[in-house]
Amino acid sequence: MPAANDTGEPGGSPAKSDGQSPARSDGQSPARSDGASPVKRDAKGPARGDGRTPAKSEQTRALILETAMRLFQERGYDKTTMRAIAQEAGVSVGNAYYYFAGKEHLIQGFYDRIAVEHQAAVREVLDRETDLEARLAGVLKRWLDVATPYHEFAVQFFKNAADPDSPLSPFSPESTHAREEAISVHREVLAGSKAKVPEELREVLPELMWLSQMGLVLYWIFDRTEGRERSYRLAERGARITARGVSLARFRLLRPLVREVHELFTDFLPGMTNALPDPARKGAP
């Protein structure tokens, strides 16, 4: 992490050059690992001891994030530095690190923004529709609507997100919050539908539905049709197949197959399970 000659916030310490988040002497915690704005340890109510109002703080955070998204698209993720982002945003380097501990946390901020915008966009669909296919198709197409302005940016950083060891991966521990928020939308899709979902499958189906959405996202990244028309068609057809599969799951004969598919993903996809089976324990009592 580059050193800063100025402070991140009034009374704060300069950003350290040893790769650590800047230490602070004003009672503030450093930027959180999940990319969220730091909070004052002894804060009582919305007032801040550094003289900033919460609104101003959020404006600064949003400015840094917007600037980063633009530079990532123009220069590429790897070639964009935190110093360049701070300079373009008109803030100090320490200030940039105050809100985001590094570039990867800016991406997590982007993931969180998409999640918030998506949850707002699907509200009308979920409030109106009770048919499972219509609810799921609406949720998937609203995601495409929300993500449209970020398509070229997504193409730029996809190679980083596709790296299984990268914190930008949707399956990484760092992406847990955004992943859980997305799965919660699919949980609501099921809960508010008139479809009869077996109780034993209510927990596993939202994760499978989110995984199908990840497949749609991958297709969308490479979709070069006008208006990403094929991605929208895929969303509709995928929703139809999913709804039919859920309908068939009411038959007890097919429920073990659904659980087996879920176990397949949780056993082999990082981020979908807390711990993989230990081969050394095979056959242990």
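I'd like to check something: does region 189-200 contain any residue that is open to solvent by 40 Å² or more (accessible area, probe 1.4 Å), touching a residue at least 24 places away in the same chain (Cβ under 8 Å) and over 21 Å from Leu126 (Cβ atoms)? It would help to see each step written out before you state the result.
We begin by selecting, within region 189-200, every residue open to solvent by 40 Å² or more (accessible area, probe 1.4 Å); these are 191, 194, 196, 199-200.
Now narrow it down to the ones that are touching a residue at least 24 places away in the same chain (Cβ under 8 Å): 194, 196, 200.
Going one step further and asking which of them are over 21 Å from Leu126 (Cβ atoms), we end up with 200.
Yes: one or more hits.
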Residues (crowded, with 16+ Cβ neighbours inside 10 Å, under 18 Å from Ile114 (Cβ atoms) and aliphatic (A, V, I, L, M)) located in region 202-220: Met209, Leu211, Leu216, Val217
For Thr130, all conditions in the list (1) in a helix (DSSP H, G or I); (2) out of contact with any helix residue (DSSP H, G or I) (no Cβ under 6 Å at 6 or more places or on another chain); (3) among the polar types (S, T, N, Q) hold save one; what is the number of the exception? (1)
Residue pairs qualifying under the 6 Å Cβ cut-off, at least six apart or on distinct chains, with the first in region 226-255 being open to solvent by 70 Å² or more (accessible area, probe 1.4 Å) and the second being part of a loop (DSSP other than H, G, I, E, B) and of a type outside the set (Phe, Trp, Tyr), are Arg230/Asp223; Arg250/Lys196
Which of (1) surrounded by 18 or more Cβ atoms within 10 Å (Cβ to Cβ); (2) touching a residue at least 40 places away in the same chain (Cβ under 8 Å); (3) among the hydroxyl-bearing types (Ser, Thr, Tyr) is the odd one out, the single condition Thr67 does not satisfy? (2)
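Being part of a loop (DSSP other than H, G, I, E, B) and aliphatic (A, V, I, L, M) is the filter; apply it to region 77-127 and report the residue that is most open to solvent (accessible area, probe 1.4 Å).
Restricting to residues being part of a loop (DSSP other than H, G, I, E, B) and aliphatic (A, V, I, L, M), the top hit is Val91.
Could you go through region 185-197 and let me know if any residue there is under 12 Å from the mean Cα position of the chain (by Cα), under 24 Å from Glu263 (Cβ atoms) and part of a helix (DSSP H, G or I).
If we filter region 185-197 for residues that are under 12 Å from the mean Cα position of the chain (by Cα), which is where we start, we get none.
There is no residue in region 185-197 that is under 12 Å from the mean Cα position of the chain (by Cα), under 24 Å from Glu263 (Cβ atoms) and part of a helix (DSSP H, G or I).
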Considering residues that are under 26 Å from Ile241 (Cα atoms), under 13 Å from the mean Cα position of the chain (by Cα) and in contact (Cβ under 8 Å) with a residue 40 or more places away in the chain, the number found within region 140-184 is 8
Say we look at region 224-240 and pick out the residues that are part of a helix (DSSP H, G or I) and more than 16 Å from Gly138 (Cβ to Cβ); which of these is farthest from the chain's Cα centre (by Cα)? Glu226
Ser175 vs. criteria open to solvent by 10 Å² or more (accessible area, probe 1.4 Å) and assigned to a helix (DSSP H, G or I): no
Can you tell me which residue among Ala243, Ala154 is farther than 24 Å from Asp127 by Cα, of a type in the set (Gly, Ala, Ser) and assigned to a helix (DSSP H, G or I)? Ala154
Return only the number of the condition from (1) surrounded by fewer than 19 Cβ atoms within 10 Å (Cβ to Cβ); (2) small (Gly, Ala, Ser); (3) within 30 Å of Phe251 (Cβ to Cβ) that Ala162 does not satisfy. (3)
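Within the group Ala89, Ala120, Ala137, which residue is small (Gly, Ala, Ser) and without any contact (Cβ under 8 Å) to a residue 12 or more places away in the chain? Full working, then the answer.
On the way: Ala89 fails: without any contact (Cβ under 8 Å) to a residue 12 or more places away in the chain; Ala137 fails: without any contact (Cβ under 8 Å) to a residue 12 or more places away in the chain.
After ruling out the rest, the residue left standing is Ala120.
The values are calculated or read from the model by the stated rules, or taken from the named source; none is laboratory data. Bear in mind that the values here come from a model prediction, so they are computed numbers and not experimental data. Cβ: placed from backbone, ideal geometry, glycine included. Neighbour counts: every protein chain shown. Ligands, DNA and RNA are excluded from the accessible area calculation, which covers all protein heavy atoms including side chains. Shrake-Rupley method; radii C 1.70, N 1.55, O 1.52, S 1.80 Å.
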